[in-house]
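Here the structure is laid out as structure tokens; the discussion comes afterwards.
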Amino acid sequence: MQKSPESEHLPTPPLLSVRDLRISFSGRECVHGISFDLARGETLGLVGESGSGKSATSLAMMRLLPPSAAVSGSITFSQPDCATEDLLHLPEETMRRHRCQSIAMIFQEPMTALNPVMKVGRQIAEALLAHAPHTSRHEVRERVLQAMREVALPDPERRIDDYPHQFSGGQRQRIVIAMALINKPRLLIADEPTTALDVTVQAQILALLKRLRAEHNLSMLFISHDLAVVSQVADHAAVMQHGTIVEQGSAAQIFTHPQHPYTRGLLASSPSMTTPRDRPLGKAGIRD
Ligand SMILES: Nc1ncnc2c1ncn2[C@@H]1O[C@H](COP(=O)(O)OP(=O)(O)O)[C@@H](O)[C@H]1O
Ligand SMILES: [Mg+2]
């Protein structure tokens, strides 16, 4: 068979490649050697019930685990035109630069990422200035307004000097997303970003993340205990149980033909538009 011209190029490495990641707290191992890849521009859903090790995994990527945690394995990060790096072995200074520039993270509760006594415009500006300290006052204001518009916060010129408590939960998550994306990261780690929100707002935030992901060509690690939520955003999914990945593959495959009994249980217990209303939900023991 003749080779196509494309096949002569080396395949692009995944943006992120996790290999044999193990995490223990005070000698107790809670992530038991997991491996997965995240391709460029793709969203990987990491799903599993509460306590399965999803947050520990994401914090290991950001190198934000407490000193009591012992981590081994490798997390290679391959940006185009940059050397491939193992995040677990980078100097703290380089890691700090990654955190405000190439890898951003958002959490379940937006208030944990926001300072309650600082105006939201100032907080978004600080995220920008951490990466680009010499930006002029005028440009900072323009970039902050633009970031607020991008996440569809209403009336940015008027609201830029409001405090976090003057916004709704969904709007606060939008502010956090604006802060996370203002430095145009390549990777966004979203750990249960919609779990604290009611269903309508949850759908709006998911739609926003999908739009921003396409506009910014972002790769995203989307973490949730809720398989129905993951199925709305993920291209690929990895299912985690008790610190191991029991199944991974394309989202279509996992959500329509789950192979592992645990995944089947999660699917059965996850209400969706197609769940018959006259049957009881399955009992997968989801605790969140
Ligand atoms: N800082 C910590 N100190 C001790 N144990 C922790 C810490 N963080 C997480 N764990 C433990 O690690 C396991 C996985 O937790 P976590 O990653 O938060 O799960 P998930 O995000 O999937 O709900 C749990 O048993 C939890 O108690
Ligand atoms: Mg968690």
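The values are calculated or read from the model by the stated rules, or taken from the named source; none is laboratory data. None of these values were measured; they are calculated from a predicted model. No Cβ is skipped: glycine too gets one built from the backbone with ideal geometry, and neighbour counts run over all protein chains shown.
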Long-range neighbours under 8 Å by Cβ, at least six apart or interchain, first residue within 23 Å of His138 (Cβ to Cβ) within region 157-181, second surrounded by fewer than 20 Cβ atoms within 10 Å (Cβ to Cβ) and among the aromatic types (Phe, Trp, Tyr): Arg159/Phe167; Ile175/Phe167
Examine region 103-110 for a residue that is away from ligand 2 (no atom under 16 Å from the Cβ) and either at negative phi or surrounded by fewer than 18 Cβ atoms within 10 Å (Cβ to Cβ) (or both), and state whether such a residue exists. yes
Restricted to region 63-76 and to residues being surrounded by 15 or more Cβ atoms within 10 Å (Cβ to Cβ) and within 16 Å of ligand 2 (Cβ to nearest atom), the residue nearest to Leu16 (Cα to Cα) is Leu65
For a quick check of your reading: which strands (runs of 3 or more DSSP E) sit entirely within region 1-106 and have at least 3 residues that are over 26 Å from Leu197 (Cα atoms)? 16-25, 28-38, 69-77
Selection count, region 170-192, where residues are within 16 Å of ligand 2 (Cβ to nearest atom) and on the phi > 0 side of the Ramachandran plot: 1
Out of everything in region 134-180 that is part of a helix (DSSP H, G or I) and small (Gly, Ala, Ser), what residue ends up being nearest to Gln101 (Cα to Cα)? Ala180
Please go through (1) free of Cβ contacts under 8 Å to residues at least 12 places away in the same chain; (2) more than 16 Å from ligand 1 (Cβ to nearest atom) for Pro67 and return the number of the only condition it doesn't satisfy. (2)
Filter result for the condition that a residue is closer than 26 Å to Glu109 by Cα and more than 16 Å from ligand 2 (Cβ to nearest atom), over Gln232, Gln241, Gln253: Gln232
Just checking, which of Asp198, Asp226, Asp155, Asp161 is closer than 14 Å to Leu46 by Cα and either among the charged types (D, E, K, R) or not assigned by TED's automatic domain parsing to the domain that holds Leu59 (or both)? Asp226
Within the bounds of region 220-233, is there any residue that is more than 16 Å from ligand 1 (Cβ to nearest atom), surrounded by fewer than 21 Cβ atoms within 10 Å (Cβ to Cβ) and in a loop (DSSP other than H, G, I, E, B)? no
The listed residue being within 12 Å of ligand 1 (Cβ to nearest atom) and in contact (Cβ under 8 Å) with a residue 40 or more places away in the chain, out of Ser55, Ser74: Ser55
Out of (1) in contact with a Phe, Trp or Tyr (Cβ under 6 Å, 6 or more places away or on another chain); (2) within 16 Å of ligand 2 (Cβ to nearest atom), what's the single condition that is false for Ala60? (1)
Filter region 45-57 for residues that are of a type in the set (Gly, Ala, Ser), near ligand 2 (Cβ under 9 Å from one of its atoms) and under 18 Å from Met105 (Cβ atoms) and give the result. Gly53, Ser55, Ala56
